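Chemist: The following block contains the structure, expressed as structure tokens.
The values are calculated or read from the model by the stated rules, or taken from the named source; none is laboratory data. On a predicted model such as this, the values are computed, not experimentally measured, just so you know. Quick reminder, even Gly has a Cβ in these numbers, built from the backbone with ideal geometry, and neighbours come from all protein chains shown.
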Amino acid sequence: MSYTKNLNKIISSSFVLMLAATSLFSIPVQARLPDVVTNVSTPIAANRTTPITVYLAYGSLTSDTDIVNAVGRLTLDNPSLQFVNSAFEDFYNGDPNRPDSQNPPQQPTCNSTYSGPRYAISPSLISNNSVTYGLQSARNTSAPSGSATVDRLREKATGCLRVTMSVSPSATVGANVRLTFDEDSLTSTSYAEQNRPGLQIINFTIGPAQNVSSSSSVSSVASVSSVASVSSVASSVPSSAPRPAPVASSTPVAPAPTQLARTGGIEVVTILGIIAASIIGYISFKVYKKRLNKVDIINK
């Protein structure tokens, strides 16, 4: 009887351990396209009074599905820079609710030369260090509008956010400030994992104070462009397509782009789970065998 109870206990424990290991290591990890990182090499003067403007593209002409919950989020990780809530705009062409998805509007130019419709974004969506905005929810060209939610971003829709920042009164010389744009902040279920857009990141450094003429000479810092038309980040293209390389929109700033892979590696994690379960099973078997031998000796 004692032998049977020990055997059942060992088998039950081994099964529970293997099940737990398989469940733990087989959890799918969300994949993304690579992040696009721009390092702005020219420091921003601590006493700069003119705005810093960045253009961030979103959407893709090659996407073949509407994106539900297409909510973008921008953040600044250091108070040396702050958002100017009265100077955010969404550039896009066409009707966001157009019925003909197969005839998309022209992709907007994502820089200061854009001459199409400009939709001011409501200041209520913007704080000093964060913005939550439903892409293309601003739909009034004569007054600020938009919301922190949106039902969908139409198939093949593209656009560009004009982001404006300023140096805060408490800026620290030498501070590093990271601007992050997450085009898919709500992790929309519309994306295939290999097509989920990565983050757009721009890194700034606060430099020493300069004289007024030199510190106010540059208003635009950087824009993010796509390979196809120098205007938009491809958010729903196949994973094999390269992410756009950020480019400077003014001479004094020379960003150095770096891509950081954010792939999920679901297959790799699953294999690790199987290996871990096998190891635990093997250890359990050895323990069982050792205890079984001891029981045999005692019984003899």
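Chemist: Could you please let me know if residue 150 is surrounded by 21 or more Cβ atoms within 10 Å (Cβ to Cβ), in a strand (DSSP E or B) and among the β-branched types (Val, Ile, Thr)?
Modeler: no
Chemist: Being assigned to a strand (DSSP E or B) and either surrounded by 22 or more Cβ atoms within 10 Å (Cβ to Cβ) or out of contact with any Lys or Arg (no Cβ under 6 Å at 6 or more places or on another chain) (or both) is the filter here; which residues of region 106-138 pass it?
Modeler: 118, 119, 120, 121, 126, 130, 131, 133, 134, listed by residue number.
Chemist: Okay, moving on. Looking only at region 80-95, decide whether some residue is among the β-branched types (Val, Ile, Thr), under 20 Å from residue 144 (Cβ atoms) and in a strand (DSSP E or B).
Modeler: Among the residues of region 80-95, not one is among the β-branched types (Val, Ile, Thr), under 20 Å from residue 144 (Cβ atoms) and in a strand (DSSP E or B), which makes the answer no.
Chemist: Residue under question is residue 51, and the condition is that it be farther than 26 Å from residue 109 by Cβ and touching a strand residue (DSSP E or B) at 6+ places or on another chain (Cβ under 9 Å); does it hold?
Modeler: Answer is no for this residue.
Chemist: Take region 43-79 and flag every residue that is in a loop (DSSP other than H, G, I, E, B) and under 22 Å from the mean Cα position of the chain (by Cα).
Modeler: Of everything in region 43-79, those that are in a loop (DSSP other than H, G, I, E, B) and under 22 Å from the mean Cα position of the chain (by Cα) turn out to be 60, 61, 62, 63, 64, 65, 66, 69, 70, 77, 78, 79.
Matching residues to (1) surrounded by fewer than 22 Cβ atoms within 10 Å (Cβ to Cβ); (2) hydrophobic (A, V, I, L, M, F, W, C); (3) at positive phi; (4) not assigned by TED's automatic domain parsing to the domain that holds residue 75:
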site: 143; (1), (2), (3), (4): yes, yes, no, no
site: 159; (1), (2), (3), (4): no, no, no, no
site: 177; (1), (2), (3), (4): no, yes, no, no
site: 181; (1), (2), (3), (4): no, yes, no, no
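Chemist: Another question, then. Going by what's in this entry, would residue 175 be described as of a type in the set (Gly, Ala, Ser), touching a residue at least 40 places away in the same chain (Cβ under 8 Å) and within 20 Å of residue 40 (Cα to Cα)?
Modeler: Spelling it out, residue 175 is indeed of a type in the set (Gly, Ala, Ser), touching a residue at least 40 places away in the same chain (Cβ under 8 Å) and within 20 Å of residue 40 (Cα to Cα).
Yes/no matrix, rows are residues, columns are (1) at pLDDT 50 or above; (2) of a type in the set (Phe, Trp, Tyr); (3) more than 15 Å from the chain's Cα centre (by Cα):
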{"position": "174", "(1), (2), (3)": "yes, no, yes"}
{"position": "178", "(1), (2), (3)": "yes, no, no"}
{"position": "183", "(1), (2), (3)": "yes, no, no"}
{"position": "190", "(1), (2), (3)": "yes, no, yes"}
{"position": "196", "(1), (2), (3)": "yes, no, no"}
{"position": "203", "(1), (2), (3)": "yes, no, no"}
{"position": "226", "(1), (2), (3)": "no, no, yes"}
{"position": "234", "(1), (2), (3)": "no, no, no"}
